[in-house]
Amino acid sequence: ETGVTQTPRHLVMGMTNKKSLKCEQHLGHNAMYWYKQSAKKPLELMFVYNFKEQTENNSVPSRFSPECPNSSHLFLHLHTLQPEDSALYLCASSQEPLVTGAGNQPQHFGDGTRLSIL
Amino acid sequence: LAKTTQPISMDSYEGQEVNITCSHNNIATNDYITWYQQFPSQGPRFIIQGYKTKVTNEVASLFIPADRKSSTLSLPRVSLSDTAVYYCLVGDGNTGGFKTIFGAGTRLFVKA
C-alpha cells in the first residue's frame, strides 16, 4: 500500500477515444503531480498541482487535460492521443509543494497506469 | 539538460555492499539530495534524503561531501530483491521553480 492509488492499472484505447486516469492519495498531502515514463526514457514531469491549483504545465500537449477537484484526487483526461503517448503514467504527491526541484519534500508515487494507444 | 549524472548500470552479488555515486555540479544552496528506487511496472519509492555529511536509515546510507557536488548511496548487503533502478534527484539549480528532474537512473542487477 503506497498511499497513492491509481486506476486503472492498464488501459488500451484507440486514438479517437476519450478516457480518464484517476489518482487518489490517502496521505493528507497538499501537492500532486502527473509524470510520464516512456520506455527507456527518464520520468518526465507533466503537471503540478498545489492546493488544487495548477502551478506547472511542462509544455504538455492539450490532448492531455488534468483536473484536480480537491487535494486528494487528481485526474488526467485523455483525448485524441497518438501512438507515441503510450507510456506508464505516474501520479505522485508530497506533503508540501516543491519550491525548488526536489527540495526537502519526498514524493510518494502510485504504481501507475500502463497506457497503450492503438 | 541533465542535472545529475549516474552510472547507467551496475552489477553486484548477494551480500555485497553497493555504492552508487551521483554527480550534481549545479546543485542549489537550498536543495536536498533524494534517492528513489523503482521496480518494473511500479512507481518510484523514496529511499533516503540528505543535505550534507551522512544520513543513515534502515535501508541505506547517503554520503555527501562538503562541496555537495556529488553524493553516494550505499546499500549494505544487497539481496536479489534490490535489483531495481535507482534515481538520484536534486533541484534544478539553474531555473528553480517546480522543475523535478529525474535522470536515467542506475540499473542495479544483483546476482546470486
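We did not get these values from a lab; they are worked out from the coordinates using the rules stated. Computed from a prediction, not measured in an experiment: that's the story for all the values here. When we count neighbours, we look across all protein chains shown, and the Cβ atoms used for this are built from the backbone with ideal geometry, even at glycine.
About its Cα centre, what dipole magnitude does chain A give when the only charges are +1 on Lys and Arg Cβ and -1 on Asp and Glu Cβ, stated in debye to the nearest 20?
For this selection, approximately 400 debye.
Between B:Phe39 and A:His77, take the C-beta separation as r, use R0 = 35 Å, and let me know the FRET efficiency to the nearest 0.05.
Efficiency at R0 = 35 Å is approximately 0.80.
Through the Karplus equation 6.51 cos²θ - 1.76 cosθ + 1.60, θ set to phi - 60°, convert the phi angles of segment A:56-63 into ³J(HN,Hα) values in whole Hz; use x for Gly and Pro.
8, 10, 7, 6, 8, x, 5, 6
So which aspartates and glutamates pass the test for A:Lys19, namely a Cα distance under 16 Å, with those fewer than 8 places away in the same chain ruled out?
A:Glu67, A:Asp85
Between B:Thr72 and A:Leu118, what is the label-to-label distance in nm when each label sits 7 Å out along the Cα-to-Cβ direction?
5.2
Pull up all non-local amide H partners of B:Arg107: gap of 5 or more, or a different chain, and H-to-H distance under 5 Å with H placed in the peptide plane.
B:Ser9, B:Met10, B:Tyr86
Rounded, prolate or oblate, given the Cα gyration tensor of segment A:1-94, with a/c below 1.5 counting as rounded?
Prolate.
Starting with the fewest neighbours, write out A:Val4, B:Val110, A:Val60 ranked by other beta-carbon atoms found within 10 Å of each beta-carbon.
Least crowded to most crowded, the residues run A:Val60, B:Val110, A:Val4.
Amide H neighbours of A:Met46 under 5 Å, counting only residues 5+ apart in sequence or on other chains, H built in-plane at 1.01 Å?
Amide H neighbours of A:Met46, under 5 Å, 5+ apart: A:Trp34, A:Tyr35, A:Lys36.
Please give the charge dipole size of the protein assembly as shown, origin at the Cα centre, charges +1 on K and R Cβ atoms and -1 on D and E Cβ atoms. Round to the nearest 20 debye.
320
In the protein assembly as shown, which Cys residues have no partner Cys with a Cβ closer than 4.7 Å?
A:Cys68, each lacking another Cys Cβ under 4.7 Å.
Using only C-alpha atoms and all pairs of different ones, pull out the Kirkwood radius for the protein assembly as shown in Å with one decimal.
Kirkwood radius, the protein assembly as shown: 18.1 Å.
Please tell me which of these pairs span more than 29 angstrom C-alpha to C-alpha: A:Lys22/B:Lys111; A:Lys41/B:Lys69; B:Lys69/B:Lys111; A:Lys52/B:Lys52; B:Lys3/B:Lys52?
A:Lys22/B:Lys111; B:Lys69/B:Lys111; A:Lys52/B:Lys52
Residue farthest toward the positive end of the dipole of chain B, with Cβ of Lys/Arg at +1 and Asp/Glu at -1: which of B:Ala60, B:Leu80, B:Tyr36?
It is B:Tyr36, whose Cα lies furthest towards the positive end.
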